[in-house]
Amino acid sequence: MKELSAITKCCIWIWSALVILAVSGCSSSPARYSPPAGPGPQTVFIAERDYQTTWNALMRALEQTPDAEIWYKANEEGKVTLRDAEVPVFGNCLCGTVGGAPLRGLVARSVTIDLGREAPQLTRIRIHCSYKLPFSWPNVYGRSSMQQDIECISTGRFEQELFDRTARFLYPQ
């Protein structure tokens with residue numbers, strides 16, 4: 001049997017090592033996204049005041065709320081839409097994890113508010129916040145390869161703070 005040359009043996013060893021590295025898992029697998037658990041908070045509040053008084057209190061509360069610029073309002077429809085604002089993930093929403101690490105950064109917050117008469121002295125205030133996090137998925141080389149908006153779940157903090165501000169105008173002490 002013919003013996004292999006030293007160069008051929010070296011090439012076989014190098015190719016074998018590369019194949020073993022590739023098959024054994026040294027090549028990284030893509031990070032797995034885990035969405036946040038559970039539904040968002042309940043964001044419907046009842047004010048024990050008439051509709052117009054509640055509407056006026058809400059408008060005053062929005063004037064004092066940072067990052068809450070009114071984009072559209074219709075008193076007769078009971079609708080208010082705020083301009084989208086960039087806010088940090090921490091404290092505002094849960095965006096899930098990638099590879100076990102929580103997603104962080106700035107999210108785009110969209111807010112819609114609906115008011116409705118429940119009774120002559122009861123007004124329903126529904127505050128809906130949706131959050132989207134722009135996320136770049138890395139490819140196997142660690143470079144950004146795909147951009148995607150990830151839907152996040154509100155913690156209810158903004159909604160509760162806005163209702164608390166509104167309540168201070170509705171129920172002055």
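FYI, it's all coordinate maths here, none of it is from the lab. Worth saying up front: this structure is predicted, and the values here are computed from it rather than measured. Backbone-built Cβ (ideal geometry, glycine too); neighbour counts: all protein chains shown.
List the chymotrypsin sites (Phe, Trp or Tyr not before Pro) within the stretch 78-149 that DSSP assigns to loop and that have no more than 15 neighbouring Cβ atoms inside 10 Å.
Here the sparse-neighbourhood loop sites are 90, 141.
Give the separation of the Cα centroids, the stretch 146-173 to the stretch 62-130, in Å.
6 Å
For the stretch 29-170, what are Rg and Dmax over the alpha carbons, in angstrom?
Over the stretch 29-170's Cα set, Rg and Dmax evaluate to 18.0, 63 Å.
Quick one: 3J(HN,Hα) in Hz for the stretch 152-167, Karplus 6.51/-1.76/1.60 with θ = phi - 60°, rounded, Gly and Pro as x.
Here the 3J(HN,Hα) series is 10, 9, 5, 7, x, 5, 4, 4, 5, 5, 5, 5, 4, 5, 4, 5 Hz.
Once phi is turned into ³J(HN,Hα) by the Karplus curve 6.51 cos²θ - 1.76 cosθ + 1.60 with θ = phi - 60°, what whole-Hz value does each residue of the stretch 108-120 show in order, with x for glycine and proline?
Along the stretch 108-120, the couplings run 8, 9, 10, 10, 10, 10, 10, 10, x, 7, 9, 7, x Hz.
Which residue, 90, 65, 44, has the largest displacement toward the positive end of the dipole of the stretch 29-110 when charges sit on each Cβ (Lys, Arg +1; Asp, Glu -1)?
Toward the positive end, the furthest listed residue is 90.
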